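A.B. asks: This is the structure I have questions about; it appears just below.
The values are calculated or read from the model by the stated rules, or taken from the named source; none is laboratory data. Note that the structure is predicted; figures quoted are calculated from it, not measured. Here the Cβ is made from the backbone with ideal geometry for all residues, glycine too, and neighbour counts use every protein chain on show. Areas reflect the complete protein model, heavy atoms only, side chains present, ligands, DNA and RNA absent. Shrake-Rupley method; radii C 1.70, N 1.55, O 1.52, S 1.80 Å.
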Amino acid sequence: MKKTLLSLAILATSGAFAQTTVTFDDLTLAPNSHWDGSDGSGSFSANGVTFPNEYDMDWSYWSGGFIYSNSTDVTTAGYTNDFSAYTGIGAGGSANYAVNYGGNLDFMTPRVLSTVEITNTTYAALSMLNGDSFGKQFGSPNNAAGNPDGTNGEDFFRLVITGYDFNNDSIGSVTFYLADYRFADSTQDYIVDTWETVDLSSLGAVRYLDFTLESSDTNALGILTPGYFALDNLVYGYA
């Protein structure tokens, strides 16, 4: 009897700490392709989490939220390649990953978050590396128009992940730098080109996640760095 009770206690404890990893590998894609929401479904689900998507049917383009992809394109610059991770592959060598453009997550029920893996998109990374029509070349004292922008080349691109509870109160934030050119030693400047693990455990149990991108390259309308990032392997459990 004691052994039975002990076994039940162990099972109950294990269930309380069971975790799920959103790998996006339960989603089907043709090789080197992506899903952008053009079917009008408005969302997709992976490993128990629903990711919202906005697609403009009038102009036929992905206009916000999340998509999933297995694109390997790390060389094509510009907005026509807004679906590729700069790693050219998913985290841990997997195929699939997600890309975010202004999307947030509502879990509907409390989730205890553990970690997520984050990297740049090819679009954002090449814009920061070389500059383009809108975004500056990071490390330059000038903006994309060639005029001094006041940064002295000390640029940054960062992701702020904020958790909210069921009362819509903020319960904490985690900041991850996708690029950082603020070092006194310029050889330490970097643009993230690998999958990096971001610890979300400090947020505790969350109902809602807000993703906000911030950049040193801005104008009156907002940031000029392409507002995209890629994510994979979101690990969560239930409160």
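A.B. asks: Compute the accessible area per residue over the chain, keeping the other protein chains in place, probe 1.4 Å, unit Å².
C.D. replies: 49
A.B. asks: A further question on this structure: Using only the alpha-carbon atoms, how far is helix 2-16 inclined from the longest principal axis of the chain? Give it as 0 to 90 degrees, nearest 10.
C.D. replies: Around 20 degrees separate the two axes.
A.B. asks: OK, next. Considering only DSSP states other than H, G, I, E and B, which chymotrypsin sites (Phe, Trp or Tyr not before Pro) in region 15-71 qualify as loop sites with at most 10 other Cβ atoms within 10 Å?
C.D. replies: Answer in residue order: PHE17, TRP59.
A.B. asks: Pop out the Kirkwood hydrodynamic radius of region 115-160 from its pairwise C-alpha distances, inverse of mean 1/r, in Å to one decimal.
C.D. replies: Its Kirkwood hydrodynamic radius stands at 11.4 Å.
A.B. asks: Taking every Cα atom in region 95-175, find the radius of gyration and the maximum pairwise distance Dmax, and write them in Å.
C.D. replies: In Å, with Rg to one decimal and Dmax whole: 17.0, 49.
A.B. asks: Where does region 110-239 land on Rg(C-alpha)/(2.2 N^0.38 Å)?
C.D. replies: Taking N as the residue count of region 110-239, the ratio is 1.16.
A.B. asks: Kindly list the residues of region 49-83 that lie in the label zone of LEU221, defined by a backbone N under 14 Å from the point 7 Å along the Cα-to-C-beta vector.
C.D. replies: Flagged as within label range: none.
A.B. asks: Of the heavy-atom accessible surface of the chain (probe 1.4 angstrom), what whole percent is carbon and sulfur?
C.D. replies: Roughly 52 percent, rounded to a whole number.
A.B. asks: Turning to a different aspect of this structure: Please report the spacing between the Cα centers of region 42-116 and region 156-196 in Å, no decimals.
C.D. replies: Value for the Cα centre distance between the two parts: 18 Å.
A.B. asks: Report the Stokes-Einstein translational diffusion coefficient (µm² s⁻¹, integer) for region 175-239, Rh taken as the Kirkwood radius over Cα pairs, at 10 °C with viscosity 1.306 mPa s.
C.D. replies: Estimated via Stokes-Einstein, D reaches 108 µm²/s.
A.B. asks: Further question: Just the ratio, please: alpha-carbon radius of gyration of region 41-168 over 2.2 N^0.38 Å, N its number of residues.
C.D. replies: With N residues counted in region 41-168, Rg over 2.2 N^0.38 Å equals 1.22.
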